[in-house]
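Structure in structure tokens, see below.
Values quoted throughout were computed directly from the atomic coordinates according to the rules given, and no laboratory measurement underlies them. Only a predicted model underlies this, so the values are computations on that prediction, with no experimental measurement involved. As a convention, Cβ positions derive from the backbone with ideal geometry for all residues, glycine included, and neighbour counts pool all protein chains shown.
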Amino acid sequence: MARHSWALMEVCGGQTHSIVKFGIDQLLPKSIELIHGPGCPVCVTPIELIDKALALAARREVIFCSFGDMLRVPGSRKDLLAAKAEGADVRMVYSPLDALKIAKENPGKHIVFFAVGFETTAPATALTVYEAAREGIENFSLWFHM
């Protein structure tokens with residue numbers, strides 16, 4: 001009988017870390033090869049991008065919106081939750097359209113949506129940009145890394 005080999009890709013760095021930390025890779029049959037994937041946005045976002053996001057969030061005229069998973073990603077000195085604790089207006093949103101709603105409700109502020117994600121989040125972000133343009137909302141922008 002022919003032996004088959006299988007390759008499995010972990011997408012998230014957290015998966016890779018746990019697989020190695022708990023020895024799961026050593027328990028798998030030799031016919032299974034683990035391939036380390038690209039990493040999720042949280043794992044692969046450069047520290048420099050987080051630091052720039054923190055600088056934007058610290059500006060008084062800015063409301064900085066992000067998906068929740070990015071709020072604890074460390075920059076070189078702190079994360080977005082720490083910036084919020086220090087007084088920055090950082091808000092967690094569930095959709096880019098939530099950030100657009102915040103822009104409509106706060107015409108005197110500039111709303112920045114931290115558009116970090118995979119191809120799964122790109123359509124919603126594109127729709128939000130389309131809606132902002134269609135509605136003439138000028139106090140909305142993206143800070144992105146895709």
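Using only the C-alpha atoms of the stretch 29-142, find the volume of their convex hull and express it per residue in Å³.
116 Å³
Quick one: net charge around ASP79, please, counting Lys, Arg +1 and Asp, Glu -1 for every other residue with C-beta under 15 Å from its C-beta.
+2
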